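The block underneath contains the structure these notes are about, expressed in structure tokens.
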Amino acid sequence: MSSQHHVKLFFFLLILGLGGSRSVVAQSDLLHINDFVLSGATKRIGDRCFRLTEAIDWTSGSIWYRSPIRLDASFTMELNLMLGCDDRTGADGMVFAFSPYSQVTGHRGEGMGFSGLYPSLGIEIDTWQNEHLSDPPEDHVAILQHGYVDHLFNLEGPVVIKNVEDCLLHAFTIHWDEPSHTLSMMLDGRKVISYQGDLVNQIFDGNPLVYWGVTAATGQYNNRQEICFEKLDFTLPILESRYNAVEIGDFLTGKTMTLAKVTFPSGSTRLDKESEPELYKLLQLMQTYPGHKLIIQGHTDDQGPAEANRNISRQRAQSIADFLISHGIDRRRIEVQGLGEEFPEFSNQTATGRLKNRRITVQLYKPRA
Ligand SMILES: [Ca+2]
Ligand SMILES: [Ca+2]
């Protein structure tokens, strides 16, 4: 079957799928093919599909959604996966992955583009038996952690499934039920595996915001492996996690911007939880404009010694930089300044004015080539 047939088949499924609930339509508005970051050998095919690997040896690819998803809320995702046309010597499989970092592809071959990603959670569809990893001979699924593809270390599985290397798109559904802490996976409408656990604390060290993506690889043997999107049903503040067109225009013209809602407990350099949405907006901006650099400036009110204020403002600015760096932004793109009390925007005579003066400003700029 040619890839054109796959795309057509997918659209047929898409039309069938769109008849349903309101959320499907709303989410399909949200989902845009350009919202995925491609890495490795991945190529876009059609309006809603990607080819992660061609049927050639030793290749790998992945796609990552640009915005993180919240694991402290329930969600459902439906995708269609094509795992190749060669059952007998086809390899290696795909992994639906969660990670605090985007744009990453792990090791090729038996690693399926997932091994080596830490911390991480993965749901694999493995089409090649690696005996040293305790793989069963049949195609199988499992829930993996921290980039380990050896079943000795998996959270659940392996569960044997019927052959999926049949040139057809297979409906793949991930459901995270937050109240019961249950992650389940359905294949072609049947629940095949589930895992119950506190993913946020157990896997991601308390961080509920993770990126999600799909990885695939080939090794000594190969298959063409593709993915198409049908429905993405997030519950979440993803919508708010990007700057609007006016704000982006201000950033790109070099305007100094005050980070809204980025606050610190009094006297502390630790970021408040409420700062998170703004930080993710900034992260997304830095990911969207990889050729730009950022100056982060900390400011204080006029209370206390000027030297101490310079120090604390610098540390606060640094904590913003640390957030960006820990999410994959190159530290060479960021400059941190502690300006202390020298540039008040408001009167320091009132408590409100002082509160507003304790702020972080940022300035995006394009370095000269
Ligand atoms: Ca395998
Ligand atoms: Ca097979």
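The values are calculated or read from the model by the stated rules, or taken from the named source; none is laboratory data. Computed from a prediction, not measured in an experiment: that's the story for all the values here. Neighbour counts run over all protein chains shown; Cβ positions are idealised from the backbone, glycine included. Keep in mind that these areas ignore ligands, DNA and RNA; they rest on the heavy atoms of the full protein, side chains included. Shrake-Rupley method; radii C 1.70, N 1.55, O 1.52, S 1.80 Å.
Numbers for the structure displayed
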{"read-out": "Some residue of segment 203-220 being at pLDDT 95 or above and either more than 24 Å from the chain's Cα centre (by Cα) or among the hydroxyl-bearing types (Ser, Thr, Tyr) (or both)", "value": "no"}
{"read-out": "Residues that are closer than 18 Å to LEU38 by Cβ and within 16 Å of ligand 2 (Cβ to nearest atom), drawn from segment 56-89", "value": "LEU81, MET82"}
{"read-out": "Filter result (under 22 Å from THR105 (Cβ atoms) and within 16 Å of ligand 1 (Cβ to nearest atom)) within segment 158-213", "value": "VAL164, GLU165"}
{"read-out": "Candidates GLU110, GLU138 - the one that is more than 15 Å from the chain's Cα centre (by Cα), without any contact (Cβ under 8 Å) to a residue 60 or more places away in the chain and within 16 Å of ligand 2 (Cβ to nearest atom)", "value": "GLU138"}
{"read-out": "Residues being open to solvent by less than 30 Å² (accessible area, probe 1.4 Å), over 16 Å from TYR195 (Cα atoms) and more than 16 Å from ligand 2 (Cβ to nearest atom) - total across segment 162-176", "value": "0"}
{"read-out": "Candidate set from segment 86-101 (those that are assigned to a loop (DSSP other than H, G, I, E, B) and over 16 Å from GLN220 (Cα atoms)); member that is nearest to ligand 1 (Cβ to nearest atom)", "value": "TYR101"}
{"read-out": "Residue selected from segment 117-142 under the condition surrounded by fewer than 22 Cβ atoms within 10 Å (Cβ to Cβ) and more than 13 Å from ligand 1 (Cβ to nearest atom), by the criterion farthest from LEU209 (Cα to Cα)", "value": "TYR118"}
{"read-out": "In segment 151-161, the residues that are open to solvent by 30 Å² or more (accessible area, probe 1.4 Å) and free of Cβ contacts under 8 Å to residues at least 24 places away in the same chain", "value": "LEU152, PHE153"}
{"read-out": "Entirely in segment 261-369, the helices (runs of 4 or more DSSP H) that have 1 or more residues that are under 21 Å from the mean Cα position of the chain (by Cα)", "value": "276-288, 306-326"}
{"read-out": "Residue within segment 291-300 that is closer than 30 Å to ALA216 by Cα, modelled with pLDDT of 90 or more and outside the structural domain of CYS85 (by TED's automatic domain parsing) present", "value": "yes"}
{"read-out": "Residue in segment 159-173 that is within 20 Å of the chain's Cα centre (by Cα), assigned by TED's automatic domain parsing to the domain that holds PRO100 and not aliphatic (A, V, I, L, M) present", "value": "yes"}
{"read-out": "Qualifying residue in segment 182-193 (condition: more than 16 Å from ligand 2 (Cβ to nearest atom), at pLDDT 95 or above, assigned to a loop (DSSP other than H, G, I, E, B) and more than 25 Å from THR89 (Cα to Cα))", "value": "no"}
